[in-house]
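The values are calculated or read from the model by the stated rules, or taken from the named source; none is laboratory data. Note that the structure is a prediction, hence the values are computed from the model and not measured. Note that we place each Cβ from the backbone using ideal geometry, even for glycine, and neighbour counts take in every protein chain shown. Quick note on the areas: whole protein, heavy atoms, side chains included, nothing else; ligands and nucleic acids left out. Shrake-Rupley method; radii C 1.70, N 1.55, O 1.52, S 1.80 Å.
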Amino acid sequence: MDQAISFTAQRGMAKLIEFNPLRVFDVRLPDGAAFVISHSGVEMNKAATADFNTRVVECRLAAQLLAKAQGLDWRGVRRLVDVQQALGLSLADMVQLCPNVLRPEPYSKQDVCRLLEIEPDELASTSLSANTLHVGEFQLLSRALHVYSEADRVQQFHRLCQSSSDEQILVQLGTLMNESHASCRDLYECSCDQLDRLTDMCRASGALGSRLTGAGWGGCAVSLVPASRLDEFLCAVKDKLYAGDTRREAQLFATRPAAGASILLVDDDEKGQHAV
């Protein structure tokens, strides 16, 4: 996603990005919307833990159990969207289906092998990754619910941006962002205490919505703020969060969509050629 937006970004325009195949759609943000980035003060070396890769495997296992329960060829399933597309269901339908198939309690490797009717060696080769072979339990229902509901929120956000640009739309967009953070925190469990406090503080300072951005477990939050209250919001967050720490104040800033990478053609008058 980072690479896609780096090349496809346009000034004044957000982007809805789909993959497999890669497709990019323009999203015109409502008038009066400002987006503010703030750093939680926590940095996590994701390469040093298996947390991120465990989430990937949990989603894969959830997809495979859903596929098998619905009579699909589960060995060909790698992603939750594969199940949705094979069944021809909406994202909301998948949210309803998941609790009927998956349980809220963790699954052991033995549980998964029994349900898929395979041996541990096949589980390791078809579903796990090298750095998750040591993981003993997997949360499947909550991960699947997060993915399907988050994808649905993305679609809702897009539709709202297309429908209107009045202030009430900003409130609805903010609600979707707040729901997104709650899902990241409670279902996908990729937030952290500092990010939770930061998003709470941003809402208390006037943000209509605030959520973690990036992979999680630290890093930044993005907040939707009415442009008319932007300066007031920035001052409030600086006072509460950074308390005069000028080094960290640089980690709080308003942003707007800008152009991505581009190719510049420079005329070489002497040689009559273009340099790229």
(Q) Computing the accessible area with a 1.4 Å probe over protein heavy atoms, can you report the carbon and sulfur percentage for the chain? (A) 50 percent
(Q) Take Arg78 and Gln155, extend 7 Å from each Cα along the Cα→Cβ direction, and tell me the distance between the two endpoints in nm. (A) 2.3 nm
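Using the Cα centre as the reference, give the magnitude of the dipole from point charges on the C-beta atoms of the chain (Lys, Arg: +1; Asp, Glu: -1; all else neutral), rounded to the nearest 20 debye.
On the way: 28 positive and 36 negative charges, 41 e Å.
In total the dipole reaches around 200 debye.
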Q) For the range 1-148, what value does the Rg/Rh ratio take when both radii are computed over Cα atoms and Rh is the Kirkwood radius, given to two decimals? A) 1.03
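When you count, for each residue, the other Cβ atoms within 10 Å and take the mean per peptide, how do 153-159, 66-72, 201-207 rank with the highest first?
Working: 153-159: 15.1, 66-72: 17.3, 201-207: 20.3.
Averaged packing, sorted descending, gives the order 201-207, 66-72, 153-159.
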Q. How large is ³J(HN,Hα), in whole Hz, for each residue of the range 91-103 in order, when computed from phi with the Karplus curve 6.51 cos²θ - 1.76 cosθ + 1.60 and θ = phi - 60°, using x for Gly and Pro?
A. 4, 4, 4, 5, 4, 6, 6, 3, x, 7, 10, 9, 9
Q: Please pull out the direction-averaged projected area of the chain, using the convex hull of its alpha-carbon atoms, in nm² to one decimal place.
A: 19.6 nm²
Q) Once both labels are modelled 7 Å past Cα along the beta-carbon direction, what's the Ser108-Gln194 spacing in nm? A) 3.7 nm
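Report, in deg cm²/dmol and to the nearest 500, the calculated mean residue ellipticity at 222 nm for the chain, where each DSSP H run with n ≥ 4 adds -39500 (n - 2.57) and the sum is divided by the residue count.
Details: 11 runs with 127 residues, N = 276.
Using -39500 (n - 2.57) per qualifying helix, the result is -14000 deg cm²/dmol.
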**Q.** Count of Lys pairs (Cα-Cα under 28 Å; at least 8 positions apart or interchain) in the chain
**A.** 4
Q: Would you compute the Debye intensity of the range 140-276 from its alpha-carbon atoms alone, equal scatterers and no solvent, and pass along log10 I(q)/I(0) at q = 0.11, 0.21 Å⁻¹ to two decimals?
A: -0.52, -1.33
Q. Ranked highest first by the average count of other Cβ atoms within 10 Å around their residues, in what order do 137-144, 174-181 fall?
A. 137-144, 174-181
Q) What FRET efficiency would be calculated for the residue pair Ser125, Glu232, taking the C-beta separation as r and a Förster radius of 41 Å, to the nearest 0.05? A) 0.15
Q: Just grab the label-to-label distance for Gln168 and Val135, each label 7 Å out from Cα along the Cβ direction, in nm (one decimal).
A: 4.3 nm
Q | For Trp217, distant residues with modelled amide H under 5 Å away | A | Ser191, Cys192
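Over the range 42-180, average the accessible area per residue using a 1.4 Å probe and give it in Å², no decimals. Please report the intermediate quantities before stating the final value.
Numbers: 6950 Å² over 139 residues.
Ligands and nucleic acids excluded, the result is 50 Å² per residue.
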